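The values are calculated or read from the model by the stated rules, or taken from the named source; none is laboratory data. Remember, it's a predicted structure, so these values are computed and weren't measured experimentally. We place every Cβ from the backbone using ideal geometry, glycine too, and count neighbours over all the protein chains shown.
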Amino acid sequence: MKLLLLRHARTLAADGLCYGRLDVPVHPDLTREAAERVAAGLPASIGVVHSPLVRCHDLALALAALRPDLQPTPEPRIAEMDFGDWEGRPWSGIARSEFDAWMASFSDRPAGGSGESTRLFMQRVGEAFDDWRAAGRDALWVTHAGVIRAVEVLRTGRRSVERSDEWPSRPIAFGELVTVDI
């Protein structure tokens, strides 16, 4: 069984901006290009769910326009992590002490003071992952880098990440398609 994970195209947000749950747009041409790169290679009638954030929603619709057999459905559990008060701020503008405090209690401290903890984020994504596995069929998630990294952990059977150095760090390109085999 395969779970295909497609990251949205590059956003119009400034480089270095923390925008986890902010609904930042993507240029339509970049969304169309990302859809064109993957549409033909998707299995017929694969189940497609997407983060409700516009950058993923628009990509899912672009895929469906190219492949009418795909019927995308929004799935709030695969939205990006909520970074609380850090949302909309440059990462470089976040006080080092705030960031270090989050890293020191990576699993349970809410990101940005008022956002999600990594544990809650993993729980949310884990519920969607469990439902996909229970369905017993291939699926495509149009989602975010944080969700893709969470799935990389979940596929190993782990349900949480206690320390920041346990979090996957491999870069995930905009528009990248990652395949998870279970």
Meets criteria (assigned to a helix (DSSP H, G or I), under 19 Å from the mean Cα position of the chain (by Cα) and surrounded by 13 or more Cβ atoms within 10 Å (Cβ to Cβ)) for residue 48: no
Failed condition for residue 85, given (1) of a type in the set (D, E, K, R); (2) under 28 Å from residue 48 (Cβ atoms); (3) surrounded by 15 or more Cβ atoms within 10 Å (Cβ to Cβ): (2)
Filtered residues of segment 14-40 (kept if over 16 Å from the mean Cα position of the chain (by Cα) and free of Cβ contacts under 8 Å to residues at least 60 places away in the same chain): 15, 27, 28, 29, 32, 35, 36, 39, 40
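If you take the residues in segment 4-19 that are surrounded by 23 or more Cβ atoms within 10 Å (Cβ to Cβ) and not basic (Lys, Arg), which one is nearest to residue 182 (Cα to Cα)? Quick ask: steps written out before the conclusion?
Going through segment 4-19, the residues surrounded by 23 or more Cβ atoms within 10 Å (Cβ to Cβ) turn out to be 5-9.
From what is left, the residues that are not basic (Lys, Arg) are 5-6, 8-9.
On the way: 5: 13, 6: 17, 8: 23, 9: 26 Å.
The qualifying residue nearest to residue 182 (Cα to Cα) is 5.
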Residue match in segment 134-157 (condition: of a type outside the set (S, T, N, Q), modelled with pLDDT of 95 or more, assigned to a helix (DSSP H, G or I) and exposed (fewer than 13 other Cβ atoms within 10 Å of the Cβ)): yes
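Kindly indicate which of 127, 75, 80, 116 is modelled with pLDDT of 95 or more, in contact with a strand residue (DSSP E or B) (Cβ under 7 Å, 6 or more places away or on another chain) and of a type outside the set (A, V, I, L, M).
Details: 127 fails: in contact with a strand residue (DSSP E or B) (Cβ under 7 Å, 6 or more places away or on another chain); 80 fails: in contact with a strand residue (DSSP E or B) (Cβ under 7 Å, 6 or more places away or on another chain); 116 fails: in contact with a strand residue (DSSP E or B) (Cβ under 7 Å, 6 or more places away or on another chain).
Answer to the check: 75.
Could we say that residue 108 is in a helix (DSSP H, G or I), surrounded by fewer than 19 Cβ atoms within 10 Å (Cβ to Cβ) and at pLDDT 95 or above here?
no
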In segment 158-182, the residues that are surrounded by fewer than 13 Cβ atoms within 10 Å (Cβ to Cβ), of a type in the set (Val, Ile, Thr) and either on the phi > 0 side of the Ramachandran plot or outside any strand (DSSP E or B) (or both): 182
Subset of segment 111-133 that is surrounded by fewer than 17 Cβ atoms within 10 Å (Cβ to Cβ) and of a type in the set (Gly, Ala, Ser) - its residue that is nearest to residue 96 (Cα to Cα): 113
Whichever residue in segment 54-76 is among the acidic types (Asp, Glu) and within 19 Å of the chain's Cα centre (by Cα) and, among such residues, is nearest to residue 38 (Cα to Cα): 58
